[in-house]
Each structure stands twice: as C-alpha cells, then as structure tokens.
Amino acid sequence: MANPQPQGPENGERMTRHLTLRDGTVLAYRDIGSGPVLFLVHGWAASGIFFEDIAARLADEFRVIIPDLRGHGDTPAGPGRATITDLADDMDELIATLGIAPIIALGWSMGATVLWSMIERHGHDRLAGMVIEDMSPRILNDASWTLGMSSGMDVEASVRATAAMRADWPAYAAAFAPRIFARDRAAREPQIVAEALTLLVARNANSMADLWASMAQQDLRATLPGMAIPALIAFGERSDAYGPETSRYLVETLPAATAHGFAHSGHAPHLEQPEEFVDAVRNFARQALAQAASNDTIEGSTQ
C-alpha cells in the first residue's frame with residue numbers, strides 16, 4: 001500500500017491527493033485547511049465536489065478531508081463489483097493510513113450508510129462524533145418498516161430502478177437530479193439542478209446500479225444502539241427522499257443523538273442552506289471534540 005502525500009495543507013488550499021488501496025484501486029481525496037479533522041463522505045452518484053462550498057467555509061477552523069468513493073469523481077470503481085462494505089473498508093483504510101483521530105465524520109445519504117457500515121465492521125474508536133445527513137438505516141420499505149424512502153420503494157421497485165439505471169443512465173440521472181433539492185427550489189432555480197446533473201451523468205451506469213443494489217441490501221438498524229458517540233441528525237424538512245419521522249427514529253435509536261431540521265431544504269441541506277448547515281456542523285464538532293478530550297482526560301487520570 002502506497003503512503004499518501006505529505007500532510008498539512010495550508011489553510012484554505014485545495015489539494016487533491018491519492019492513496020493506493022489494498023486491491024490497487026487509487027482513491028482520490030481532497031485535503032484542505034488545518035486543525036481538528038472533519039471527514040466528509042458524499043452520497044450515491046455524487047462526489048466530493050458536492051462538498052466544495054461547505055469545505056471552503058469550514059477550512060478556516062478544521063482540516064477537511066473529502067474522499068471520492070469508488071466509482072465516483074476521480075476514484076475508479078476498481079476490480080469487480082463494488083459494494084457498501086468495500087466503500088466502508090476504503091474509508092477505514094484512509095483514516096487509518098492518515099493517522100487521524102479523533103475525527104468528526106459526516107455522511108450524506110449513501111455516505112451515511114458507508115459510515116455506519118465502517119463502524120459496524122471496524123468500530124468507532126477514531127471517531128469523536130458523526131453527522132448523518134438525510135438518511136435511513138434501511139432504504140427499502142416492507143410491511144414491518146415504513147421509514148425507508150418516502151416513495152415507498154420496496155424490493156421489487158428497487159430491482160426495477162437498477163434495471164432502469166443500466167438501460168439508460170442519462171435518463172435516470174435526469175429524473176433523479178431534481179429530487180436532490182426541495183421541489184420549490186428546483187423549480188425556481190433550474191440551474192442548480194442542471195449543475196448537479198452535469199456531475200451525476202458522468203457516472204458509469206453499471207457501477208451506480210451495483211452500488212444501489214448493495215445499498216438496498218443494507219439493514220443497519222440493529223447496529224445503531226451500539227454507536228455510542230455523539231451524533232447530529234441533519235435533515236431537510238422538504239426532503240423527497242426521507243420523512244422527518246426517519247430522523248426521529250435515528251434520534252431515538254442512537255445513544256447520543258440530536259436532530260437539526262433545515263426548513264428550506266430537500267435531500268441536501270449542505271447545498272441548499274450552506275450557511276446554516278456549516279454553523280450546525282461547526283457547533284456540533286466543537287462540542288463533540290471537547291467531550292472526547294474531556295473523556296480522554298478522565299480516562300487518563302484513572303489509569
């Protein structure tokens with residue numbers, strides 16, 4: 001495994017680096033700012049570029065690390081069909097290789113699934129806290145679970161969706177892009193949808209279908225009660241992806257979670273209300289890092 005390039009970029013400098021992972025896949029990530037670490041994991045079909053605005057805002061106080069997941073942005077899909085566990089192992093490998101701890105990890109949409117899977121597989125010792133942005137621990141619905149996607153997507157609908165992705169990815173992306181945003185904003189500002197679509201349509205159809213199918217198989221509900229770190233549940237009150245009851249479930253199930261709703265946002269509060277989102281993340285990170293430092297001091301004094 002190759003070592004990443006030297007650490008410590010200057011405040012606000014945008015720097016792309018690369019890490020050769022265990023299977024030879026070269027993972028691209030951006031590393032800006034200095035200070036305590038924020039680790040931002042993007043959603044399905046997106047890339048680290050979707051965090052560029054908030055990263056620049058946060059880099060005055062934090063070191064912000066933004067990986068491109070396999071099959072997204074500047075990171076290739078790698079050999080075989082990538083799965084959520086592959087992405088989770090990639091993130092753990094990057095964090096371990098960089099030697100960064102404690103960190104605040106943020107997962108948007110599928111990025112939250114990746115973080116939860118990483119914690120399930122590798123623990124949360126290096127995390128001081130996590131921010132979950134508009135996601136459910138199980139995206140598919142059935143008779144016993146209705147807190148998946150607000151569309152009511154079930155197994156059969158997911159299979160049809162993956163077939164549509166493989167058949168005509170540009171058309172699927174064009175239908176998906178507006179749903180990232182609150183409906184009124186998407187209608188009022190078509191340019192933001194067009195900008196997102198330009199990035200989404202560049203993805204490989206089969207890679208996206210493979211990852212969607214893997215994400216649809218995930219059910220991380222049983223693991224949430226063991227994730228005993230501070231958590232901020234950030235959700236768009238106008239999201240077409242998940243309803244507010246899903247966020248309430250997360251607050252009730254995670255051991256140390258609070259929620260922050262964004263009144264004018266859909267599925268991407270970090271894009272739709274960046275100033276409020278940055279303030280919420282900044283305040284949460286300060287508190288979670290201070291709590292982690294206090295816990296370390298108490299543990300050290302008892303040894």
Can you check what the net charge comes to around Glu61, using other residues whose Cβ is under 11 Å from the Cβ of Glu61 (Lys, Arg +1; Asp, Glu -1)?
+3
Once a ≥ b ≥ c are taken as the square roots of the eigenvalues of the Cα gyration tensor of segment 177-254, is the result rounded (a/c under 1.5), prolate (a/b larger than b/c) or oblate (a/b not larger than b/c)?
oblate
Treat every Asp and Glu Cβ in the chain as -1 and every Lys and Arg Cβ as +1, leave all other atoms uncharged, and give the resulting dipole magnitude about the Cα centre to the nearest 20 debye.
300
Relative contact order for segment 30-179, counting Cα pairs under 8 Å that sit 6 or more residues apart, in percent:
20
The chain - mean residue ellipticity at 222 nm from DSSP helices (-39,500 (n - 2.57) per run, n ≥ 4, rounded to 500)
-13000 deg cm²/dmol
Kirkwood estimate for the chain, i.e. one over the average of 1/r between Cα atoms, Å
19.4
Once the convex hull of the alpha carbons of segment 1-146 is built, what does its volume come to per residue, in cubic angstrom?
110
Env charge @ Val41, Cβ radius under 11 Å, K,R +1 / D,E -1, value -3
Local charge sum around Leu106 (other residues, Cβ-Cβ under 12 Å, Lys/Arg +1, Asp/Glu -1)?
-1
Which of Leu27, Leu250, Leu224 moves most in a GNM of the chain, Cα contacts under 10 Å?
Leu224
Under 5 Å from the placed amide H of Val37, counting only residues 5+ away or on other chains, we find Arg63, Ile104
Phi-based couplings in Hz for segment 262-271 (Karplus 6.51, -1.76, 1.60; Gly and Pro marked x):
10, 5, 10, 10, x, 7, 9, x, 5, 8
Please list the radius of gyration and Dmax for segment 162-303, considering alpha-carbon atoms only, with Å as the unit.
18.8, 61
Sort out for me the Cα centre separation of segment 75-137 from segment 237-296, rounded to whole Å.
17
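No lab work stands behind these numbers, since they all come straight from the coordinates. Note that the coordinates shown come from a computational prediction; the quantities given were computed from them, not determined experimentally. Every residue, glycine among them, receives a Cβ derived from its backbone with ideal geometry; neighbour counts consider all protein chains shown.
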